[in-house]
Each structure stands twice: as structure tokens, then as C-alpha cells.
Amino acid sequence: MTEWYAYTIIIWAFILIAAVVFISLFFFAAPYGRHTKTGWGPMINNRAGWVLMEIPASLLFIFYAVIGQREINLTLAVFIMIWQIHYLHRAFIYPFTIRGSSKMPLSIALSGLLFNAVNTYVQGRWLFTFAPVSLYGISWLADPRFIIGTVVFITGYAINKHADYVLRNLRKPGEKEYRIPAGGLYRLISCPNYFGEVVEWTGWAILTWSMAGSVFALWTAANLVPRAYQHHLWYKKTFPDYPGSRKSVIPFVF
């Protein structure tokens, strides 16, 4: 079996699993964050869990660039920069901005690690080895797909980071109770942080114009749309005065 054949199997298996995850997460919330519960194995520090989950995406992407069969031109270097803008922050900065001493199940951290390892393989091997030689030359940087995708990615990134900033500053140091977030897209939806991340990786799918990128965007939506719905239900149950006009994750729609 060639690696390309195995790679193709992984792609289609990833799509199938994403469909199962999407349906399942509407019926139960993954047990981390505000939905943390016992019964999922040993608990670890939340910060350590996030580092463990996210660090493979940053480091393995560089690894696949180094061992890839394509010379790293300016276009591929820009892809690396865009990817690392998200994952360097997620692995090495975001975990240390989390307040409090909450914990998550080790099983959740390991499942996140596994997803990131497989997804980074899918992205990295496509970009640096399997993509046709005719793709991703210097001229790609002027292609409308790259330009539009990059704008979409940056827009999603900005939405995500602003939403995280609002959440991080809802509570003063030492406070534990949750509050209703407000401002920005929180006026329209309960989870603009998740909406922003879906927009980000939709931008990645466009700017790479690849099946690999599309699978990542699909997985992001499959994971975060139902989680946003669970958050939305939690807000409505926890706060009797929660704004009734807010949707869960897609403004004016859902």
C-alpha cells in the first residue's frame, strides 16, 4: 500500500468520523470547560491539557515541511506563517491566559492530541509532498482564492480572539461564577469564539483550495457547532434573563 493510498483512506475516514461526531455532540457535551464532569478518567490541569492537545499541530507542521518533497518557496512559507499564527498562540500563549485552577479529563486532552496529530498529517503531507507541482507557486499569492481565503481567515481569527478576550475578562482574578458575555458578536450569538474558528478554517480551505483544507473546515464545524449549541442551552438554563434573541453560533440563523 502506498502512502498516497493510505492518505486517501484517512481523508475519507476523517469525513465519516466527523459526521458521527457532529450528530453525537448534539446529544452530550464533551466534558471539558463548563461541561467538565467526572467519569472520564484521571483529571489534569486545564493549562497542561491545552498545551498537550495543541502542541502537536504546531511542531508537526514544521516537521512535515522539513521532510516534505517540495522546496519551501514563498507561498509555502506564507502557509506555514498562517498556520502558526493560530497554533503558536493556541499551544504556547492561550493556555497561560486561562484563569482559575480548573481541570479536564486526560482522555479529552489525549483525544485532542490525536485529532491534531492526524489533521496536521493530512494538511502537512498535502502541502509539502502530495500537492501537484503546478500548485502553490509564487503566482498563487496573487490568486483570488488565496486572497479571499486569507481575508476570511484573518476575519475569523479576529472574531475568535476578540471573543476570547471578552470571556477572559468577564471575571476578576479569584472569581469563579460565570456571567453573561456582552459586546461584539455576543450581541447576536452565544459563541462567537466558535463561529470565528469555523470562519478561520473555512478561510484555510479556500486559500489552500484543497480537500485537506476542506476536511479541516468540516471537522471544525462538526466539533464546534454542536458544542456552541450546548453552550447556548447552558446559558439559557443558567441565566433566566439570558437574551432570547441570541442564536447559538451562526448570526440570525442557528
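Placing a label point 7 Å from the Cα of residue 209 along the Cα-to-Cβ line, the residues of region 35-79 whose backbone N sits under 16 Å from it are 75-76, 79. Note on the chain: the C-alpha convex hull projects to 14.4 nm² when averaged across all orientations. Think of each Lys and Arg Cβ as +1 and each Asp and Glu Cβ as -1; about the Cα centre, that makes the dipole of the chain roughly 1000 debye.
Each Lys or Arg adds one and each Asp or Glu takes one away; over the other residues whose Cβ falls under 15 Å from the Cβ of residue 136, this sums to +1.
Only one residue of 20, 72, 93 has its Cα farthest out toward the positive end of the dipole of region 1-149, where Lys and Arg carry +1 and Asp and Glu -1 on Cβ, and that residue is 93.
Applying a DSSP loop filter and a limit of 14 other Cβ atoms within 10 Å to the trypsin sites (Lys or Arg not before Pro) in region 100-208 leaves 171, 176, 179. Loop exposure criterion: GluC sites (Glu not before Pro), DSSP state outside H, G, I, E and B, at most 16 other Cβ atoms within 10 Å. Applied to the chain, the longest stretch between such sites is 72-174.
Working from label points 7 Å from Cα in the Cα-to-Cβ sense, the residue 253 to residue 20 distance is 2.7 nm. Label separation (residue 7 vs residue 141): 2.4 nm, computed from points 7 Å beyond Cα along the C-beta direction. Distance between the 7 Å Cα→Cβ label points at residue 179 and residue 71: 5.6 nm. In this structure, residue 27 and residue 188 have a Cβ-Cβ separation that, at R0 = 22 Å, corresponds to a calculated FRET efficiency of about 0.30. The residues 133, 21, when put in order of fewest to most other Cβ atoms within 10 Å, stand as 133, 21. Working note: 222 nm ellipticity from helices only, DSSP H runs with n ≥ 4, each -39,500 (n - 2.57), summed and divided by the residues of the chain, gives -21000 deg cm²/dmol to the nearest 500. According to the Cα-based calculation, Rg over Rh for region 33-137 is 1.09, with Rh computed by the Kirkwood formula.
Every number here is computed from the coordinates shown, using simple stated rules; none is lab data. Just so it is clear, the model here is predicted, and its values are computed rather than measured. As a convention, Cβ positions derive from the backbone with ideal geometry for all residues, glycine included, and neighbour counts pool all protein chains shown.
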